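Every number here is computed from the coordinates shown, using simple stated rules; none is lab data. Remember, predicted model here, so these are calculated numbers, not experimental data. All Cβ positions, glycine included, derive from the backbone under ideal geometry; neighbour counts span all protein chains shown.
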Ligand SMILES: Cc1cc2nc3c(=O)[nH]c(=O)nc-3n(C[C@H](O)[C@H](O)[C@H](O)COP(=O)(O)O)c2cc1C
């Protein structure tokens, strides 16, 4: 299994989120997965311009790292999204990537992949952020297998994470590999993904003339 992870913190590999992500990836590697981490510090994937080129042509018009990162994800079986909690949400670095995935979402291009979310915060409120990431994963077609988070003010001084957090992070990595190996489709995620697919089909059918790439995409898959 190949796993790509996006680490969306300006502190990069030295930050808290990187520390927690490391445990998730250790758990996945112990199960035989190959992993690659892409650090989004904010200057390599810029905000969406809302130009609709992705809907019309299937590629983003902006010349930055988005398309190469998308390609890496397309070649992967798993996607881990890791972000610090920034004002009750993902960091702007991750949000820029998510917005740039508008075409990916319309086509649900990550269908068949498995996902997980990793969040750290100073004071808590992580669940809203992991839920947001999981919702994003479903709209791309990926199936989220779970999440792990850490509130840093509750962690022991001098030691980045408690044993409990480390154990659940490693278990998440393991679960990601096991879900992929089994081809597992959790019923709740499948229901949400199926409902979203119907929404995308209706939208793309409605905009068929303006968005020929997306219309063709679904025509080949679902008699749009
Ligand atoms: C701009 C900014 C916004 C933040 N917002 C929150 C917040 O809303 N809630 C919270 O608990 N922590 C918040 N924090 C703290 C970070 O989530 C926390 O320090 C996190 O572990 C940083 O991860 P990193 O080292 O990987 O960048 C914020 C930090 C920054 C810099």
| message | Of everything in the stretch 1-42, what is near the ligand (Cβ under 9 Å from one of its atoms) and assigned to a loop (DSSP other than H, G, I, E, B)? Give them in sequence order. | response | 8, 9, 10, 11, 15
| query | Can you name every residue in the stretch 43-88 that is within 16 Å of the ligand (Cβ to nearest atom) and surrounded by fewer than 16 Cβ atoms within 10 Å (Cβ to Cβ)? | reply | 43, 87, 88
| message | Just to be sure I understand the filter: pairs with C-beta atoms under 7 Å, separated by 6 or more residues or on different chains, first member in the stretch 176-202 and under 23 Å from residue 106 (Cβ atoms), second member assigned to a helix (DSSP H, G or I). Which pairs pass? | response | 189/138; 192/138; 193/138; 196/138; 196/139; 200/106; 201/218; 201/222
| task | Specify which of the listed residues (221, 205) is free of Cβ contacts under 8 Å to residues at least 12 places away in the same chain and closer than 18 Å to residue 106 by Cα. | result | 221
| message | Condition first: in contact with a strand residue (DSSP E or B) (Cβ under 8 Å, 6 or more places away or on another chain) and either closer than 21 Å to residue 30 by Cβ or part of a helix (DSSP H, G or I) (or both). Now tell me which residues in the stretch 150-159 satisfy that. | response | 150, 152
| Restricting attention to the stretch 160-167, does a residue exist that is out of contact with any strand residue (DSSP E or B) (no Cβ under 9 Å at 6 or more places or on another chain), farther than 23 Å from residue 80 by Cβ and buried (at least 20 other Cβ atoms within 10 Å of the Cβ)? | no
